[in-house]
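The values are calculated or read from the model by the stated rules, or taken from the named source; none is laboratory data. Just so it is clear, the structure is predicted and the values come from calculations on it, not from any experiment. Backbone-built Cβ (ideal geometry, glycine too); neighbour counts: all protein chains shown. With ligands, DNA and RNA removed, areas are computed over all heavy atoms of the protein, side chains included. Shrake-Rupley method; radii C 1.70, N 1.55, O 1.52, S 1.80 Å.
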Amino acid sequence: MPPKARVPEKPAGVVNSAPAVKSTSGASKSSKSGSLDAQAIVQDVWSKYVQKTSQRVKLLDSFMVFLVVVGVLQFVYCMIVGNFPFNAFLSGFSATVGQFVLTASLRIQTNPENKAEFENISHERAFADFVFGSLILHFFCINFIN
């Protein structure tokens, strides 16, 4: 004998629990105001980014955007053409992701807003760590290709 299906009990005083139907004109107004709010938020974030971010951090951000575009292009190429030398694709994609991570680390360490967390590390030391990490990363990626 199969188990009985459990039906949730209705609270005492509830006669009909059908959802209320909303009018479409109110929904379209709220979606338009929601998109305008989102657009205003994006514009506000962009204007504050342009005003308050230092030139060095903007340069690192543009390099990180470049690395994301390169990684996406490598992945799309792999999906369209194929990945016959898979180790070459894996090495190139790993180099892109690794360089992105190293650049993000450099950005965090050299950002003036994070000066309290990295007061013992100078900008020159952070850049030297970035260069050393990049050399090791690319050495391993080149050796992985064969």
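Being at pLDDT 85 or above, closer than 24 Å to Ile142 by Cα and among the hydrophobic types (A, V, I, L, M, F, W, C) is the requirement here; does Leu59 meet it? Please lay out each step first, then the result.
Working: at pLDDT 85 or above: yes; closer than 24 Å to Ile142 by Cα: no; among the hydrophobic types (A, V, I, L, M, F, W, C): yes.
It is false that Leu59 is at pLDDT 85 or above, closer than 24 Å to Ile142 by Cα and among the hydrophobic types (A, V, I, L, M, F, W, C).
Out of segment 108-119, which residues are open to solvent by less than 60 Å² (accessible area, probe 1.4 Å) and either in contact (Cβ under 8 Å) with a residue 12 or more places away in the chain or assigned to a helix (DSSP H, G or I) (or both)?
Keep residues of segment 108-119 that are open to solvent by less than 60 Å² (accessible area, probe 1.4 Å), which gives 109-111, 114, 118.
Selection gives Gln109, Thr110, Asn111, Asn114.
Between a residue in segment 47-63 that is closer than 12 Å to Glu113 by Cβ and any residue that is outside any helix (DSSP H, G or I) and among the polar types (S, T, N, Q), which pairs come within a Cβ distance under 8 Å, given they are 6 or more apart or on different chains?
Here the result reads Ser54/Asn111; Val57/Asn111, each pair linking segment 47-63 to a residue that is outside any helix (DSSP H, G or I) and among the polar types (S, T, N, Q).
Please find, among Ser122, Ser62, Ser134, the residue that is within 24 Å of Val50 (Cβ to Cβ), open to solvent by less than 70 Å² (accessible area, probe 1.4 Å) and polar (S, T, N, Q).
Numbers: Ser122 fails: within 24 Å of Val50 (Cβ to Cβ); Ser134 fails: within 24 Å of Val50 (Cβ to Cβ).
Going through Ser122, Ser62, Ser134 in turn, the sole match is Ser62.
Give all pairs with beta carbons closer than 9 Å in which a residue from segment 85-97 that is more than 23 Å from Val65 (Cβ to Cβ) and open to solvent by less than 60 Å² (accessible area, probe 1.4 Å) meets a residue that is in a helix (DSSP H, G or I) and at pLDDT below 95; count only pairs at least 6 apart in sequence or on separate chains.
Asn87/Phe144; Asn87/Ile145; Ala88/Phe144; Ala88/Ile145
Given the criteria open to solvent by less than 90 Å² (accessible area, probe 1.4 Å), among the small types (Gly, Ala, Ser), assigned to a helix (DSSP H, G or I) and modelled with pLDDT under 90, does Gly71 qualify? Explain how you work it out, then say what you get.
On the way: open to solvent by less than 90 Å² (accessible area, probe 1.4 Å): yes; among the small types (Gly, Ala, Ser): yes; assigned to a helix (DSSP H, G or I): yes; modelled with pLDDT under 90: no.
No, not satisfied.
Does Leu102 fit the bill of being open to solvent by less than 60 Å² (accessible area, probe 1.4 Å), modelled with pLDDT of 95 or more and not acidic (Asp, Glu)? Steps first, answer last, please.
Working: open to solvent by less than 60 Å² (accessible area, probe 1.4 Å): yes; modelled with pLDDT of 95 or more: yes; not acidic (Asp, Glu): yes.
Judged against the criteria, Leu102 is a match.
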